[in-house]
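Data first, discussion second: the structure below is written as structure tokens.
The values are calculated or read from the model by the stated rules, or taken from the named source; none is laboratory data. Remember, it's a predicted structure, so these values are computed and weren't measured experimentally. We place every Cβ from the backbone using ideal geometry, glycine too, and count neighbours over all the protein chains shown. Accessible surface areas use protein heavy atoms only, side chains included; no ligands, DNA or RNA. Shrake-Rupley method; radii C 1.70, N 1.55, O 1.52, S 1.80 Å.
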Amino acid sequence: MILVFNKVGAERLPIQIGRLLFQGFLIFFIWEFKSRTALFILVAFHLITALLNGFLSNYKTSFHTIVAVYHLSLALVMYFNNYLQKLFAKTNDH
């Protein structure tokens, strides 16, 4: 959000706060209720954000690419979280 604020200014700040609250709401459901649906929605949100803001956007700046890669990486890590935890647990058992 700080990068977006520095790049665009205060006009997009209300939208960014709304997005942050939406993600916080989904994270609460994932954390408290182990909701797979909320996880799927959160991953889809990040994938769509990556596609729209970086890869399918008319603006091809390094900032847009960094934001797109960030959202894509976040989506993959969230979706494959259980697999990654098992993988790292095996490597740390040595």
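Odds and ends about this structure:
- Residues being aliphatic (A, V, I, L, M) and surrounded by 15 or more Cβ atoms within 10 Å (Cβ to Cβ) - total across the range 77-91: 1
- Looking only at the range 48-67, and only at residues there that are closer than 12 Å to residue 7 by Cβ and part of a helix (DSSP H, G or I), the one that is most open to solvent (accessible area, probe 1.4 Å): 66
- For the range 6-31, a residue qualifies if it is of a type in the set (Lys, Arg) and either surrounded by 13 or more Cβ atoms within 10 Å (Cβ to Cβ) or under 20 Å from residue 79 (Cα atoms) (or both), and the qualifying residues are 12, 19.
- The listed residue being without any contact (Cβ under 8 Å) to a residue 24 or more places away in the chain and farther than 18 Å from residue 3 by Cα, out of 15, 41: 41
- Out of 63, 88, sole residue that is under 22 Å from residue 23 (Cα atoms) and aromatic (Phe, Trp, Tyr): 63
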